[in-house]
Amino acid sequence: MPTTKKKSPARKTNAAFLEPVQPDEALAKVVGSKPLPRTDLTKKLWEYIKKNKLQDPKKKTQIIADDVLKPVFNGKKSVSMFEMTKLVSGHLK
């Protein structure tokens, strides 16, 4: 008698991440002014950081603020990637 293996249910995507969020004026300069899901917002933010070489080469978890990111980082010159997530949340309407 062959044993049948039960399939585990497919992992569900958290609907909150797919809900469009509206960036404020400061964040819109980086990711655009249209509402977009948090997942896309994060992708665009990282594209901007990599394109402008804003990741600290010695400490990869640190993000260096340029003139565009400084208002998003509440005026800080550098933040950790974990702090960045918290600061970006404050710029969503």
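Within the range 24-53, list the residues whose amide N lies under 18 Å from a label point set 7 Å along Cα→Cβ of Lys70. The answer is 25-30, 49, 52-53.
For the range 13-66, the set of trypsin sites (Lys or Arg not before Pro) satisfying both a DSSP loop assignment and a count of at most 15 other C-beta atoms within 10 Å is given as Lys53, Lys58, Lys59, Lys60. Relative to the current alpha-carbon distance between Lys86 and Gln22, full extension at 0.36 nm per residue lengthens the span by 21.5 nm.
Taken together, the values in this text are just the output of simple stated rules run on the coordinates, not laboratory data. Predicted model, so just to flag it, every value in this text is computed and none were measured. Ideal geometry is used to build each Cβ from the backbone, glycine not excepted, and the neighbour counts take in all protein chains shown.
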